[in-house]
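In what follows, a structure is listed as structure tokens, so that the remarks can point back to it.
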Amino acid sequence: MSVHTGNLVAARDVESLRSRIQAWRREGLSVALVPTMGALHKGHITLMERAQNMADRVVASIFVNPKQFAPSEDFDAYPRRETEDYEMLNAVGVHLLFAPDVAAMYPPGFATSVQVAGLTDILDGAHRAGHFNGVATVVSKLLLQALPDIALFGEKDYQQLVVIKRFVADLNIPVDIIGVPTVRDPDGLALSSRNAYLTPAEREIAPALNAALVKAAKAIAGGADIAAATKAAAAAILKAGFTSVDYVEARHADTLALLKNAQESGRILAAGHLGRARLIDNVPIPQK
Ligand code: AMP
């Protein structure tokens, strides 16, 4: 185990971010970027550790992006823990924290939006109007501000990962996008900053989301009807105590097209509401 004394530098504006990264580039060092919205947990830290294994220098960003929250959503309530986040990033040996404020990211007159047709109006996009435009816009900015060699994103937000890979390819942004498997609690619940909204009783119910998806994925791999398996998963999630289910769908892992048969590389994705929390999860369909 390596021990870090920690010497984390924080940049608040694009000029400071760029001058630090350019200095590393002049030394011939490679750079990884890990964008986050803060309220860091073990899932985020796993991304940082993976980044450290893949590049000489790791930049983490923390920015709660107002453009990816609809007016009815939890932008104001979203957990913000800057001091704890700084300590966690420092302890794991991240080299630079980029933490701009909203005015630095979206100065007066800001008018551009990155829109990815097709991928953003299905699944979560059908339930969160404008969400993926906000994500695509801010991630485009972060990639162009930092111009890292690689950027890492969690499979936990699987649709987000597919959307990002799409616009990075379409816009020829010269950054390799790396997906990192979902980090879970031992009972299967995917780690998420929004798990903080769960009451103790809801926390007991929450793993039912993952359990239902794992069961459906196994059933589909074993030859079960895709529509019947996803319908059964939605029913199981509701029976466990979720207030509502936005969707449970089997999709192609690369294109997010509706899955036609279990021989294709597939993924089951779902979202449901439990108390104040809207939880998402996804699992691969095992291949024979
Ligand atoms: P967020 O702060 O929620 O925007 O997440 C920042 C990054 O961490 C995104 O790429 C997420 O997909 C990733 N992430 C969040 N939770 C997890 C998790 N449980 N396992 C792996 N990656 C995660």
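Numerical summary
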| item | result |
| --- | --- |
| Calculated FRET efficiency for the pair N7/E82, C-beta based, R₀ 30 Å, to 0.05 | 0.95 |
| C-alpha long axis of helix 42-54 to longest principal axis of the chain, angle in ° | 60 degrees |
| Charge dipole (debye, nearest 20) of segment 143-248; +1 at Cβ of Lys and Arg, -1 at Cβ of Asp and Glu | 280 debye |
| Alpha-carbon centroid distance for the pair segment 215-230 / segment 172-193, whole angstrom | 24 Å |
| Long-range HN-HN contacts of I285 with modeled amide H, under 5 Å | G266, R267, I268 |
| Computed lengthening from K231 to E73, 0.36 nm per intervening residue step minus Cα-Cα distance | 54.2 nm |
| Cross-link table K218/K260; K156/K215; K67/K231; K239/K260; K42/K141, entries beyond 21 Å C-alpha to C-alpha | K67/K231; K239/K260; K42/K141 |
| Cα-Cα pairs of the chain separated by more than 27 Å (percent) | 42 percent |
| Inter-site label distance for A196 and Q22 at 7 Å from Cα along Cβ, in nm | 3.6 nm |
| Residue-wise HN-Hα coupling along segment 142-158, computed from phi with Karplus coefficients 6.51, -1.76, 1.60 (Hz; x: Gly, Pro) | 4, 5, 6, 5, 8, 6, x, 6, 9, 9, 10, 9, x, 5, 3, 9, 5 |
| Test item: Cα-centred dipole of segment 70-171, Lys/Arg +1 and Asp/Glu -1 on Cβ, debye | 300 debye |
| Degrees, to the nearest 10: 82-92 long Cα axis against longest axis of the chain | 80 degrees |
| Segment K42-K260, extension gain: residue separation times 0.36 nm, minus the distance between their alpha carbons | 75.0 nm |
| Sum of -39500 (n - 2.57) over DSSP H runs of 4+, divided by residues of the chain (222 nm, nearest 500) | -11500 deg cm²/dmol |
| The chain - charge dipole about Cα centre, Lys and Arg +1 at Cβ, Asp and Glu -1, debye rounded to 20 | 360 debye |
| Relative contact order (%) - the chain, alpha-carbon pairs under 8 angstrom, separation at least six | 17 percent |
| Carbon and sulfur %, accessible surface of the chain computed with the full protein complex present, 1.4 Å | 54 percent |
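The values are calculated or read from the model by the stated rules, or taken from the named source; none is laboratory data. What you see is a predicted model, and the numbers here were worked out from it, not measured in a lab. Glycine also receives a Cβ, built like all others from the backbone with ideal geometry; neighbour counts cover every protein chain displayed. These area figures cover heavy atoms from the full protein model, side chains too; ligands, DNA and RNA do not enter into them. Shrake-Rupley method; radii C 1.70, N 1.55, O 1.52, S 1.80 Å.
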